[in-house]
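Read-outs throughout are calculated quantities, based only on the coordinates presented, and are distinct from any laboratory measurement. Since the structure is predicted, the reported quantities are computational estimates derived from the model, not experimental observations. Ideal geometry is used to build each Cβ from the backbone, glycine not excepted, and the neighbour counts take in all protein chains shown.
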Amino acid sequence: MKIVEVVLTPVAFRDPPLLNAMGVHEPYALRSVVELRCEDGVVGLGESYGDLAFLDQIRKVAPELTGRDVFDLPGLRRTVARTLGGAVFADEHGLTGGFSVSKTVASVYALFEVAALDAQGRRLGRPVVDLLGGRVREEVDFSAYLFYKYGAHADGTQDHWGEVLTPEALVRQARQMIDRYGFTSIKLKGGVLDPDQERDGVLALADAFPGHPLRIDPNAAWTVPTSIRVARELDGVLEYLEDPTPGIDGMAQVAARASMPLATNMCVVRFEDLAPAFRAGAVGVVLSDHHFWGGLRDTQALSKTCEAFGVGLSMHSNSHLGISLAAMVHVAAATEHLTYACDTHWPWREVDVVAPGALEFEGGAVAVPDGPGLGVELDPDALARAHEDYLRCGQTKRDDVTYMRNFVPSFQPHTARW
Ligand SMILES: O=C([O-])C(=O)C[C@H](O)[C@@H](O)C(=O)[O-]
């Protein structure tokens, strides 16, 4: 089934003032939505990053895909690799200090692979999970993803989550999430306050939600000694400690002294990183993410590799919409070795580009959507609105500097390491 047209729609949606070690999520999260329009009128959907650097890569590849067969995934990958070969990718959304060429190819291919699998499924009348080998679970568990946050957006508007900078407010946020979505495990984004305050936040959550597995992720903002100390103070409390400190060497030093496994989506981000990290004993859990691990099938390959080495697998997320959530659910449902509840930012978004109803949380889990392909349908009006928001607030470039239109940052990222 040949691709006749590739339609790229950059979109923006309001992101609450969530805090991380890099700064604040404000005011919009940017995503790309791709429609692979095929002969016979079949359309496959994909979603990925929406920063300018990534959109530039998609725009280079898209025209090369017309005439290609959506059932020829190796051919699609070769086309992406050939088109982007030699491109250098600026670090717009990774926290790892730059995307290598192979990570760029993996990320761009992943977007088109998901859209091609969606088109295949729609053509065959089968859900994507079946194209990935069939389901090993009917529904996929996610964890509540908590953030420290400001109470007001940069434009002064408040949201219903309120300000969260204390242990009490964190517990309130967790309760809101759990009441609404039924989550049975909790992740806290750290690297924002003093590590002792964040430790106290975790302890408050442990008291308030006994039996809920807990994780904290300071995005590598802590030194090795701080990480070892906090790991000891949270002994018996955390199911895993995510990216406390940068690099495989630092992680290995912490892992040698921590009782809980260390998880990462920062020091292991490509297949080439697995051997050095495993050899050093740096990670006990790899956080997969099909958006940069080369798509859904490569995520399954990652899972098999982790299983062979006795390493756990969970799933990372960035701010995203329903196409990405559907893709995450399909791959997780088809992947045997998935050892923890997955991350998702989905509860934080206020709008979506997919029609409501296909993706629902119950007991913290999302059932595999029923329909063919990814099982989600684009809502054209919602897509148009999100695109208008992108045109107002997406990234633009002047004098080689990339910035967001109509936005003055209100939070300085940390320069100190705790
Ligand atoms: O480990 C994570 O969850 C991430 O790094 C994902 C996001 O970028 C997270 O830091 C965020 O949303 O602020």
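Things to note:
- Residue order, fewest to most beta carbons within 10 Å, for Met251, Met315: Met315, Met251
- Mean-position separation - Cα centroids, the range 315-354 and the range 259-282, in angstrom: 22
- Amide H contacts for Leu146 (H built 1.01 Å from N in the peptide plane; partners 5 or more residues away or on another chain; cut-off under 5 Å): Lys187, Leu188, Lys189.
- For the range 221-283, the equivalent ellipsoid built from the Cα gyration tensor has semi-axes of 19, 11, 10 Å, listed from largest to smallest.
- Proxy reagent accessibility, fewest Cβ within 10 Å first, across Met260, Met266, Met22: Met22, Met260, Met266
- Working note: Karplus 6.51/-1.76/1.60 with θ = phi - 60° gives the range 350-367 the couplings 9, 9, 8, 9, 9, 5, x, x, 6, 10, 10, 8, 9, x, x, 10, 10, 6 Hz, where Gly and Pro are set to x.
- With contributions of -39500 (n - 2.57) from each DSSP H run of at least four residues, the per-residue ellipticity at 222 nm computed over the chain stands at -11500 deg cm²/dmol.
- Max mean-square fluctuation residue, GNM over the chain, Cα-Cα springs under 10 Å, options Asp370, Asp343, Asp389: Asp370
- Couplings 3J(HN,Hα) for the range 299-306, derived from phi with the Karplus relation 6.51 cos²θ - 1.76 cosθ + 1.60 (θ = phi - 60°), are 5, 5, 5, 4, 4, 4, 5, 4 Hz, where x marks Gly and Pro.
- Residues whose placed amide H lies under 5 Å from that of Arg137, excluding near-sequence neighbours: none
- Each residue of the range 147-155 was assigned a 3J(HN,Hα) from its phi angle through the Karplus expression (A = 6.51, B = -1.76, C = 1.60, θ = phi - 60°), giving 9, 5, 7, 7, x, 10, 5, 4, 8 Hz with x at Gly and Pro.
- FRET efficiency for the pair Glu5 and Asp179, taken as 1/(1 + (r/R0)^6) with r the Cβ-Cβ distance and R0 = 45 Å, rounds to 0.55.
- Between the beta carbons of Glu163 and Val351, assuming R0 = 22 Å, the FRET efficiency works out to 0.45 to the nearest 0.05.
- For the chain, the dipole from Cβ point charges (+1 on Lys and Arg, -1 on Asp and Glu) about the Cα centre works out to 840 debye, to the nearest 20.
- Share of pairwise Cα separations in the range 284-400, more than 22 Å, in percent: 42
- Scattering curve values for the range 133-367, log₁₀ I(q)/I(0), Debye with Cα scatterers, q = 0.07, 0.09, 0.16, 0.18 Å⁻¹: -0.22, -0.36, -1.18, -1.44
- Bridging of Lys2 to lysines at a Cα separation below 22 Å is possible for Lys60, once same-chain residues fewer than 8 apart are set aside.
- Across all C-alpha atoms in the chain, the radius of gyration and Dmax reach 20.4, 60 Å.
- On the basis of the beta-carbon distance and an R0 of 30 Å, Glu336 and Asp194 show a calculated FRET efficiency of 0.15.
- Relative contact order for the range 250-291: 51 percent, from Cα pairs under 8 Å spaced at least 6 residues apart, divided by residue count.
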